[in-house]
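In what follows, a structure is listed as structure tokens, so that the remarks can point back to it.
All of the numbers you see were taken from the coordinates with simple rules; none came from a lab. Here the structure is a predicted model, which means the values were calculated and not measured. Don't worry about glycine lacking a Cβ; one is built from the backbone with ideal geometry, like all the others, and counts go over all protein chains shown.
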Amino acid sequence: MTVALILIVLGAGLFIGSRFERAHDAHERFSSYRVRTNNSLGAWLKSIIVTSISVVAFGLALYLLLSHVR
């Protein structure tokens, strides 16, 4: 039960932290034309890769947690 609670809190913290980081990145991107034109594709790809890895890791952690509970 404690492990599940720790994983849920960690997941929520990472989710909220990523939202704050994305908001900060969006503000920087829209405040500078050069940043917006040069880095938008790279930031988009980085965001997709990080999100995909996070989803896979979270799914794996949930699978491991649920498989050990039974």
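Work out the charge dipole of the stretch 9-69 with +1 on the Cβ of Lys and Arg and -1 on the Cβ of Asp and Glu about the Cα centre, then indicate which of S47, V69, F15 is farthest towards its positive end.
S47
With n ≥ 4 as the cut-off for DSSP H runs, can you work out [θ] at 222 nm for the chain, using -39500 (n - 2.57) per run divided by the number of residues, rounded to the nearest 500?
Rounded to the nearest 500, it is -35000 deg cm²/dmol.
Which three numbers, in whole Å and largest first, are the semi-axes of the equivalent ellipsoid of the chain derived from its Cα gyration tensor as √(5λ)?
Square roots of five times the eigenvalues give 34, 13, 4 Å.
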